[in-house]
1. Just wondering, is there one or more residues in the stretch A:65-77 that are under 13 Å from A:GLU92 (Cα atoms), of a type in the set (A, V, I, L, M, F, W, C) and outside any loop (DSSP other than H, G, I, E, B)?
2. I'm trying to understand the selection: among the residues of the stretch B:58-88, which are aromatic (Phe, Trp, Tyr) and part of a loop (DSSP other than H, G, I, E, B)?
3. Of the residues that make up the stretch A:95-108, is at least one more than 14 Å from every other protein chain (Cβ to nearest Cβ) and in a strand (DSSP E or B)?
4. List the pairs whose first member sits in the stretch B:31-58 and is on the phi > 0 side of the Ramachandran plot and within 7 Å of chain A (Cβ to nearest Cβ), whose second member is open to solvent by 40 Å² or more (accessible area, probe 1.4 Å) and not charged (D, E, K, R), and whose Cβ atoms are under 8 Å apart, counting only residues at least 6 apart or on separate chains?
5. Which of the residues that make up the stretch B:87-108 are facing another protein chain (nearest Cβ under 7 Å), under 14 Å from the mean Cα position of the chain (by Cα) and open to solvent by less than 40 Å² (accessible area, probe 1.4 Å)?
6. Can you work out which of the residues in the stretch B:66-86 that are of a type in the set (Lys, Arg) and open to solvent by 40 Å² or more (accessible area, probe 1.4 Å) is nearest to the other protein chains (Cβ to nearest Cβ)?
7. Tell me which of these A:SER12 doesn't satisfy, since it passes every other one: (1) more than 15 Å from the chain's Cα centre (by Cα); (2) outside any strand (DSSP E or B); (3) more than 9 Å from every other protein chain (Cβ to nearest Cβ).
8. Just need a number here: residues in the stretch B:58-88 that are among the hydroxyl-bearing types (Ser, Thr, Tyr) and more than 27 Å from A:GLY105 (Cβ to Cβ).
Amino acid sequence: GESVGLHLPTLSVQEGDNSIINCAYSNSASDYFIWYKQESGKGPQFIIDIRSNMDKRQGQRVTVLLNKTVKHLSLQIAATQPGDSAVYFCAENALSGGYNKLIFGAGTRLAVHP
Amino acid sequence: DTGVSQNPRHKITKRGQNVTFRCDPISEHNRLYWYRQTLGQGPEFLTYFQNEAQLEKSRLLSDRFSAERPKGSFSTLEIQRTEQGDSAMYLCASSPSRGTNQPQHFGDGTRLSIL
């Protein structure tokens, strides 16, 4: 299948290690953020979201941290597995007319090595 | 499968031809979005439907592009007189209409290649 993110920054980790993927967003008025995982040939898959009134949110093996002061998001993946290899995008909500118009970041490729 | 469904998965056509893509959203989702993604980039917003009403169109959507959602269920995206620069992955997403902060769920896209 086709490749997603041929020229994206890459984070290489060993299987079992923790991964941290960072993202800077642009609009200080954004109030909702989502992390997506995209595997080659597939659409973005929802991982976790966070609202701007929170600093941290945890899911299964994933944690999202939000620092509104510096407009920074991070995604932490615990005990990274080979199946976590993919391109990860953060997206911020540009609220327009009462709906979510998502603006995506550039993406980071996560490569998990055995 | 109750996710967002897109057809076809791949479309190869000659420059100047018209193409049409279909998106079937998650059944209880009233909001439907189209995005375009090129290699190495994140998805870019194209247009948005609330039920059958098209409420927003990006300036990326030239006059050659048209989208419809006639019965508020499935949607179609048509590109007329295709150009090389139209080669991309076209993604559809849907979300519930309750509240503003609801995640959008994506289909696996239609990959368009213009020869």
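The values are calculated or read from the model by the stated rules, or taken from the named source; none is laboratory data. Remember, it's a predicted structure, so these values are computed and weren't measured experimentally. Note that each Cβ is placed from the backbone with ideal geometry, even for glycine, and that neighbours are counted across all protein chains shown. Just so you know, the surface numbers come from the protein's heavy atoms only, side chains and all, with ligands and any DNA or RNA stripped out. Shrake-Rupley method; radii C 1.70, N 1.55, O 1.52, S 1.80 Å.
1. yes
2. Step one: of the stretch B:58-88, the residues aromatic (Phe, Trp, Tyr) are B:65, B:74.
Of everything in the stretch B:58-88, just one residue is aromatic (Phe, Trp, Tyr) and part of a loop (DSSP other than H, G, I, E, B), namely B:PHE74.
3. At the first step, the residues of the stretch A:95-108 found to be more than 14 Å from every other protein chain (Cβ to nearest Cβ) are none.
Among the residues of the stretch A:95-108, not one is more than 14 Å from every other protein chain (Cβ to nearest Cβ) and in a strand (DSSP E or B), which makes the answer no.
4. That search, which allows pairs on different chains as well, returns B:GLY40/A:LEU6; B:GLY40/A:HIS7.
5. To start, the set of residues in the stretch B:87-108 that are facing another protein chain (nearest Cβ under 7 Å) comprises B:91, B:95, B:100-108.
This time we only want the ones that are under 14 Å from the mean Cα position of the chain (by Cα), so: B:91, B:95, B:104-108.
Correct list: B:LEU91, B:SER95, B:GLN104, B:PHE106, B:GLY107.
6. Start the filter on the stretch B:66-86 by keeping residues that are of a type in the set (Lys, Arg), which leaves B:69, B:71, B:81.
Add one more test, that the residue is open to solvent by 40 Å² or more (accessible area, probe 1.4 Å), and what stays is B:71, B:81.
Values: B:LYS71: 20, B:ARG81: 24 Å.
That would be B:LYS71.
7. Of everything listed in (1) more than 15 Å from the chain's Cα centre (by Cα); (2) outside any strand (DSSP E or B); (3) more than 9 Å from every other protein chain (Cβ to nearest Cβ), A:SER12 misses just condition (2).
8. So in the stretch B:58-88, the residues among the hydroxyl-bearing types (Ser, Thr, Tyr) come out as B:58, B:62, B:66, B:73, B:75-76, B:82, B:87.
Next, only the ones that are more than 27 Å from A:GLY105 (Cβ to Cβ) stay: B:66, B:73, B:76, B:82.
Residues meeting the conditions: 4.
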